[in-house]
Amino acid sequence: MFESTQPMPDAVVSDIYAVSASDEIIQGLSTHPAYISPKFFYDAHGSALFAQITSLPEYYPTRTENAIMAIQGEAIKREAGVVSSLIELGAGNCRKAQALCALLQPQRFVPLDISEEYLLEATSDFREKLPGLAVYPVACDLTQAIVLPAHIPPEGRLVFYPGSSIGNFDPAHAADLLRRVRDLLDDDGALLIGFDLVKQVDVLEAAYNDAAGVTAAFNLNMLQHVNAIIGSDFSDDDWRHVAFFNPVHSRIEMHLESVAETLVSWSDGERHFAAGERIHSENSYKYRTHDFVNLLAANGFSRSTVWTDAQGWFAIVLARP
Ligand SMILES: C[S@@+](CC[C@H](N)C(=O)[O-])C[C@H]1O[C@@H](n2cnc3c(N)ncnc32)[C@H](O)[C@@H]1O
């Protein structure tokens with residue numbers, strides 16, 4: 001039985017940033033070294049750039065995760081059992097969920113994302129492709145409390161968190177997010193999550209330094225999004241994209257590096273950057289399977305089934321409380 005897809009906009013939470021986005025950004029810019037949370041990549045243009053990244057030849061995660069899902073579809077379906085609500089964290093263009101909904105036939109789909117305008121476009125496309133499914137988009141910040149629409153029943157939930165987005169959180173914050181996801185589930189619920197595996201450094205670094213320069217444009221676009229939020233005067237010409245693997249922390253790091261000495265101002269503040277000084281804009285942690293399964297177990301998910309690709313580049317886990 002499908003639910004009515006109306007009314008939809010009521011389901012959207014409009015106050016996305018529970019903590020003031022400008023306070024958070026200014027605090028990061030005032031720190032040495034400076035940082036900006038990767039969640040600020042995603043205005044509508046940033047989300048569209050990320051969608052372009054997913055089809056780049058160097059960017060293996062999306063095609064590898066999609067291939068695992070396609071090959072292991074029946075096994076995933078068996079392990080997932082009856083799913084009444086598919087809840088996707090960081091849903092982006094919702095393409096992966098389209099395939100998963102076709103496989104698992106839930107009654108409702110609840111995509112959550114910080115990029116509100118892009119999320120609403122993606123869900124309208126989703127409704128055209130799967131017209132019988134009830135869709136309740138929620139614009140929210142996953143670093144804050146996750147509040148689902150009150151009418152989503154607690155039983156039969158599958159939380160889907162693909163794209164190795166969990167890798168953007170450092171281990172302590174990843175643990176915190178997993179515990180909060182566990183709290184969304186009854187004992188019959190489950191989490192289907194994709195994570196990226198440690199592999200050759202050249203493969204990792206190429207994925208974040210594509211020849212077409214789309215990842216560089218994505219990284220730089222953050223500065224325009226920040227300008228819109230805090231009224232700063234970052235100019236793209238003053239910054240360049242830097243991405244490398246940090247083996248100590250087992251993570252790709254992305255930074256914005258100032259090409260020359262520069263002063264950035266906003267309404268009630270400024271920051272001087274020396275030539276070559278960096279703003280840390282993203283981490284993407286690369287795991288070994290047993291470490292990720294242990295992280296799940298330590299944070300409320302004691303039973304895991306893992307699927308990977310033939311090269312061992314990416315993994316998907318179905319984890320149960
Ligand atoms: C790496 S992309 C993955 C998109 C899609 N799930 C995929 O697998 O291709 C991360 C997604 O998470 C969203 N996102 C990033 N930080 C977020 C946050 N703090 N709260 C909610 N959504 C966030 C972004 O807008 C983006 O759509």
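Spin-label point model (7 Å from Cα, Cβ direction): what's the ALA75 to ASP187 distance in nm?
Each label point is offset 7 Å from its Cα along the Cβ direction, giving 2.8 nm.
Through the Karplus equation 6.51 cos²θ - 1.76 cosθ + 1.60, θ set to phi - 60°, convert the phi angles of segment 126-140 into ³J(HN,Hα) values in whole Hz; use x for Gly and Pro.
4, 5, 5, 6, 10, x, x, 9, 6, 10, 10, x, 10, 8, 7
When the expected Rg is taken as 2.2 N^0.38 Å, what fraction or multiple of it is the alpha-carbon Rg of segment 263-321?
Details: Rg = 20.2 Å, N = 59, 2.2 N^0.38 = 10.4 Å.
Taking the Cα Rg and dividing by 2.2 N^0.38 Å, one obtains 1.95.
May I ask you to sort TYR60, TYR161 by Cβ crowding, counting other Cβ atoms within 10 Å and putting the fewest first?
Working: TYR60 20, TYR161 23.
By the 10 Å Cβ count, ascending, the order reads TYR60, TYR161.
Please sort 195-205, 93-103, 262-272 by packing, taking for each peptide the average over its residues of neighbouring beta carbons within 10 angstrom, highest first.
On the way: 195-205: 17.3, 93-103: 19.7, 262-272: 13.8.
Ranked by mean Cβ neighbours within 10 Å, highest first: 93-103, 195-205, 262-272.
Rounded to the nearest 0.05, what FRET efficiency do GLU261 and GLN200 have when you use their Cβ-Cβ distance and R0 = 51 Å? It would help to have the intermediate numbers written out before the result.
Details: r = 37 Å, r/R0 = 0.72.
FRET efficiency, GLU261 to GLN200: 0.90.
Sort SER20, SER304 by Cβ crowding within 10 Å, fewest neighbours at the top.
SER20, SER304
Given 0.36 nm per residue, what is the gain on full extension from VAL306 to ARG180 after removing their alpha carbon distance, in nm? Before the final figure, lay out the partial values.
Numbers: separation 126, 0.36 × 126 = 45.36 nm, distance 2.13 nm.
My answer for the length gained is 43.2 nm.
So what is the orientation-averaged projected area of segment 49-204, using the convex hull of its C-alpha atoms, in nm²?
Projected over every direction and averaged, the Cα hull of segment 49-204 covers 9.5 nm².
Using the scaling law 2.2 N^0.38 Å as the reference, what is the normalised Cα Rg of the chain? Provide the component values of the computation, followed by the final result.
Numbers: Rg = 19.6 Å, N = 321, 2.2 N^0.38 = 19.7 Å.
Dividing the Cα radius of gyration by 2.2 N^0.38 Å gives 0.99.
Read-outs: derived from the displayed coordinates by stated rules, not from any lab. Keep in mind that this is a model prediction, so the values were computed, not measured. Quick reminder, even Gly has a Cβ in these numbers, built from the backbone with ideal geometry, and neighbours come from all protein chains shown.
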